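Undergrad: Before anything else, here's the structure in question.
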Amino acid sequence: MTPQDTGAPTPQPLASPGAGRVGPLARFRVLDLTRVRSGPTAVRQLADWGADVIKIESPPSIGQSDGWDDRRDGADFQNLHRNKRSLTLNLKHPQGLALFRRLVREADVVVENYRPDVKQRLGIDYASLRALNPRIVLASISGFGQSGPYAQRPGFDQIAQGMGGLMAITGDPEGPPMRAGCAVSDSAAGLYCAMGILTALLEREQSGEGQWIEVSLLNAMIALLDFQAARYTVEGQVARRAGNDHPTVSPTGVYRTADGYMNVAAGSNAGFAHLCEALERPELATDPRFATLPLRVQHREALNALIESRMRERDSAWWNHRFAECSVAGGPIHAMDQVFADPQVQYNRMAEPVAHPRLGTVELISQPFRLSRTPHALRSATPECGQHTDDILSGLGCSPEEIARLRAAQAI
């Protein structure tokens, strides 16, 4: 389908994606078709480091929800979609699809997390995109995979937590399976997807060709289990729920203090000796029940009781100071307000301000890693739906009159 077939304008080269942008990824243009969490998490990694991300959304006029409905001003949406431009396109309309295909010819990456069959129905599968641009990198996130017995099943974070093994090892040993308190598989899939995109872009520098990246919530969840999963594949051990205790190391867990709870991790022999010093119970270090790690695991219940009986004599602040003095790995258990009031968190700048035209200055979650020469940046707040449609289409060569006709046809 040519531009003339659909009434689209004569192709014009887009401006360089790096023009006026900074950051190590400023030379890349990303077309963002993602929704909900896993896909936006992947794209946010690229946007924060300078990539020109065009978020493609459904035109409000066609009444099709992209999954957020009236929650656009909420913390979650604002945190996931900063540093992007927003373009509305109706991919089910021939002219809308033609405009998307034009964008693909000039882009480096397309990211989507539709159900696997949607790409084929829309004609934006990898084979179709590669025919337009052999250098394009397509990244696809799904619940269970692009093929296989569960490929067409809807996938959500909690389902993946359960099927991937996390819920079976989370919670009280005598209680029911427990989901983690954040979207672990969604976030993991997004981060693995971003890693896959960067790997493909690096490989493209040698081959000159793009490729298709597949990530699933299920695979990401299993990979994130790491040692717990490897305990089964290597040794045949089926991990069980251990509550707040570490499954294979002791003492590592949560202990009550005079005014709350604290974490302590002192599994190694040296760490346990430091803990005994901090507790002013040096005899525990030579107690035959606790002399080695296997013995400490075997007698975990008795050891935990001895540690907690001592820690309940002082408040958490006192123990936090004492553990620092004695080189014990330990720390308080913070609620979210305490997290962001913590001096180390503030020093690390894990909350960064960005100006929103309606919401005012809001603080969003920063990138957890830093580069010494080329920093990330929160350049702009989450855009309004379609905020940059006219600018982007003008860059494609559309006149104001053509944009008005496309809008009237509900193509944009």
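The values are calculated or read from the model by the stated rules, or taken from the named source; none is laboratory data. In this text the structure is predicted, and so the values were computed from the model without any measurement. With ideal geometry, Cβ positions are generated from the backbone for all residues, glycine too; neighbour counts draw on all protein chains shown.
Undergrad: Evaluate the following for S327: is it out of contact with any Phe, Trp or Tyr (no Cβ under 7 Å at 6 or more places or on another chain), over 23 Å from E283 (Cα atoms) and not aromatic (F, W, Y)?
TA: Details: out of contact with any Phe, Trp or Tyr (no Cβ under 7 Å at 6 or more places or on another chain): yes; over 23 Å from E283 (Cα atoms): no; not aromatic (F, W, Y): yes.
Criteria not met by S327.
Undergrad: Considering only residues that are charged (D, E, K, R) and in contact with a helix residue (DSSP H, G or I) (Cβ under 9 Å, 6 or more places away or on another chain), look in the stretch 301-321 and name the one that is surrounded by the fewest Cβ atoms within 10 Å (Cβ to Cβ).
TA: R314
Undergrad: Please find, among G181, G164, G143, the residue that is modelled with pLDDT of 95 or more and surrounded by fewer than 23 Cβ atoms within 10 Å (Cβ to Cβ).
TA: That would be G181, the only listed residue that is modelled with pLDDT of 95 or more and surrounded by fewer than 23 Cβ atoms within 10 Å (Cβ to Cβ).
Undergrad: So which of V234, V254, V264 is β-branched (V, I, T), touching a strand residue (DSSP E or B) at 6+ places or on another chain (Cβ under 8 Å) and surrounded by fewer than 17 Cβ atoms within 10 Å (Cβ to Cβ)? Give the steps one after another, and end with the answer.
TA: Details: V234 fails: touching a strand residue (DSSP E or B) at 6+ places or on another chain (Cβ under 8 Å); V264 fails: surrounded by fewer than 17 Cβ atoms within 10 Å (Cβ to Cβ).
Step by step, each of V234, V254, V264 is checked, and only V254 is β-branched (V, I, T), touching a strand residue (DSSP E or B) at 6+ places or on another chain (Cβ under 8 Å) and surrounded by fewer than 17 Cβ atoms within 10 Å (Cβ to Cβ).
Undergrad: Can you tell me which of F340, F369 is surrounded by fewer than 16 Cβ atoms within 10 Å (Cβ to Cβ), assigned by TED's automatic domain parsing to the domain that holds C182 and of a type in the set (F, W, Y)? Can you show your working first?
TA: On the way: F340 fails: assigned by TED's automatic domain parsing to the domain that holds C182.
The conditions single out F369.
Undergrad: Would you confirm, using the coordinates I've provided, whether V234 is over 26 Å from S187 (Cα atoms), within 34 Å of the chain's Cα centre (by Cα) and in a helix (DSSP H, G or I)?
TA: When the stated conditions are applied, V234 passes them.
Undergrad: L202 is checked against (1) crowded, with 20+ Cβ neighbours inside 10 Å; (2) under 27 Å from the mean Cα position of the chain (by Cα) and fails just one. What number does that condition carry?
TA: Status for L202: all satisfied but (1).
Undergrad: For the stretch 65-169, list the helices (runs of 4 or more DSSP H) that sit wholly inside it and hold at least 1 residues that are among the hydrophobic types (A, V, I, L, M, F, W, C) and within 30 Å of A230 (Cα to Cα); which are they?
TA: Here the list reads 157-163.
Undergrad: Continuing with the same structure: Residues of the stretch 316-368 being outside any helix (DSSP H, G or I) and more than 25 Å from L80 (Cβ to Cβ), which ones?
TA: C326, S327, V328, A329, G330, G331, P332, I333
Undergrad: Continuing with the same structure: D390 versus (1) out of contact with any Cys (no Cβ under 9 Å at 6 or more places or on another chain); (2) surrounded by 16 or more Cβ atoms within 10 Å (Cβ to Cβ); (3) without any contact (Cβ under 8 Å) to a residue 40 or more places away in the chain: which is the lone unmet condition?
TA: It fails just one condition, (1).
Undergrad: Hey, does the stretch 15-26 have a residue that's at pLDDT 95 or above, of a type outside the set (D, E) and closer than 24 Å to H356 by Cβ?
TA: yes
Undergrad: While we're looking at this one, here's another question. Quick check, is A47 touching a Cys at 6+ places or on another chain (Cβ under 7 Å), buried (at least 17 other Cβ atoms within 10 Å of the Cβ) and either among the aromatic types (F, W, Y) or not in a strand (DSSP E or B) (or both)?
TA: no
Undergrad: Mind checking which residues of the stretch 205-231 are part of a helix (DSSP H, G or I) and loosely packed, with under 13 Cβ neighbours inside 10 Å?
TA: Result: E205, Q206, S207, F227, A230.
Undergrad: Six or more apart or on different chains, Cβ atoms under 8 Å: show the pairs whose first residue is in the stretch 74-89 and more than 24 Å from G23 (Cβ to Cβ) and in the same structural domain as D391 (by TED's automatic domain parsing) and whose second is among the polar types (S, T, N, Q) and outside any loop (DSSP other than H, G, I, E, B).
TA: Within 8 Å, the pairs are T88/T389.
Undergrad: I'd like the full set of residues that are in a loop (DSSP other than H, G, I, E, B) and over 13 Å from L279 (Cα atoms), limited to the stretch 252-268.
TA: Within the stretch 252-268, A258, D259, G260, G267, S268 meet the criteria.
Undergrad: Counting just the residues of the stretch 267-287 that are touching a residue at least 24 places away in the same chain (Cβ under 8 Å) and of a type in the set (D, E, K, R), which one comes out surrounded by the most Cβ atoms within 10 Å (Cβ to Cβ)? Walk me through how you get there before you give the answer.
TA: So the first thing to find is which residues in the stretch 267-287 are touching a residue at least 24 places away in the same chain (Cβ under 8 Å), and the list is 267-269, 271-272, 274-275, 277-281.
From what's left, of a type in the set (D, E, K, R): 277, 280-281.
Values: E277: 17, E280: 9, R281: 15.
Of everything passing the filter in the stretch 267-287, E277 is surrounded by the most Cβ atoms within 10 Å (Cβ to Cβ).
Undergrad: Here's another thing I want to ask about it. Among the residues of the stretch 371-412, which ones are in contact with a His (Cβ under 8 Å, 6 or more places away or on another chain) and of a type outside the set (G, A, S)?
TA: T382, P383, Q410
Undergrad: Can you tell me which of V345, V354 is touching a residue at least 60 places away in the same chain (Cβ under 8 Å) and in contact with a helix residue (DSSP H, G or I) (Cβ under 9 Å, 6 or more places away or on another chain)? Spell out how you get there, then give the answer.
TA: Details: V345 fails: touching a residue at least 60 places away in the same chain (Cβ under 8 Å).
That would be V354, the only listed residue that is touching a residue at least 60 places away in the same chain (Cβ under 8 Å) and in contact with a helix residue (DSSP H, G or I) (Cβ under 9 Å, 6 or more places away or on another chain).
Undergrad: Among the residues of the stretch 29-36, is there at least one that is in contact with a Gly (Cβ under 7 Å, 6 or more places away or on another chain), assigned by TED's automatic domain parsing to the domain that holds L217, β-branched (V, I, T) and modelled with pLDDT of 95 or more?
TA: No, every residue in the stretch 29-36 fails to be in contact with a Gly (Cβ under 7 Å, 6 or more places away or on another chain), assigned by TED's automatic domain parsing to the domain that holds L217, β-branched (V, I, T) and modelled with pLDDT of 95 or more.
Undergrad: Assuming N219 fulfils every condition listed in (1) touching a residue at least 12 places away in the same chain (Cβ under 8 Å); (2) more than 30 Å from the chain's Cα centre (by Cα) apart from one, which condition is it?
TA: (2)
Rundown of residues vs (1) within 30 Å of M163 (Cβ to Cβ); (2) at pLDDT below 95; (3) not assigned by TED's automatic domain parsing to the domain that holds V43, yes/no style:
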residue	(1), (2), (3)
V215	yes, no, no
Y232	yes, no, yes
A265	yes, no, yes
L303	no, no, yes
